[in-house]
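Written below as structure tokens is the structure these notes are about.
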Amino acid sequence: MALSIYLSAVNQKLLFTKRLLATELKVSLTGHQDIHQATAIAQSATLQLERAWYWHLQDVACNYKLQDPEAVDCASSLVALLADEGKSPGEAIELNNLASDENSWVSALLYAHDHLYVRPIARKAEMDAERLPMVAVDIGGDSIDWDIEQTLDWLNQMEALIERQRDMMIEF
């Protein structure tokens with residue numbers, strides 16, 4: 001497998017995700033659970049994982065010597081661009097299948113990532129624990145349950161996928 005600029009970028013995002021989740025898991029083991037902190041960490045980890053996914057797509061493109069890996073912006077474009085060059089590697093097909101399957105962990109991750117950019121809707125002011133007025137916000141439409149365990153599962157699934165695919169792309 002030829003080294004690409006994307007390989008290190010993917011590894012960095014996976015490392016950042018591990019560090020974020022390790023921080024939250026340590027905090028939750030102490031029994032001091034802060035729902036806002038857990039949500040912030042799960043959202044931050046989701047951002048890191050989405051970048052790892054995106055750069056892994058481009059890493060696959062680079063490994064299969066696609067002329068312009070930067071043109072890959074999703075799994076389906078990876079498959080299409082490789083097909084234009086007469087290539088249809090199993091890694092690209094697997095990535096596209098995962099992204100296309102509404103019930104896959106990749107679809108859940110990408111949906112959650114997209115949901116980060118949905119503007120919250122303000123609702124009636126409420127009193128917080130210290131009797132201070134605060135405006136509560138809701139996300140319109142389907143909401144995301146920002147769960148550390150779900151995010152950890154995405155990380156584990158992503159690492160397994162990337163490791164397996166990298167092993168498959170090794171040139172003998």
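When nucleic acids and ligands are ignored and a 1.4 Å probe is applied, Tyr117 ends up with an accessible area of around 150 Å². With 0.36 nm allotted per residue and the present C-alpha distance subtracted, the Lys87-Asp73 stretch has 3.3 nm of extension available. Across the stretch 52-104, Cα-Cα pairs more than 19 Å apart make up 15 percent of the total. Accessible area of Ile35 (1.4 Å probe, protein heavy atoms only, ligands and nucleic acids ignored): about 120 Å².
Gyration tensor analysis over the Cα atoms of the stretch 14-121 returns equivalent ellipsoid semi-axes of 33, 14, 11 Å (largest first, whole Å).
The values are calculated or read from the model by the stated rules, or taken from the named source; none is laboratory data. Owing to the predicted nature of the structure, the values given are computational and were not obtained by experimental measurement. When the accessible area is computed, the model is the full protein with side chains, heavy atoms only, and any ligands, DNA or RNA have been set aside. Shrake-Rupley method; radii C 1.70, N 1.55, O 1.52, S 1.80 Å.
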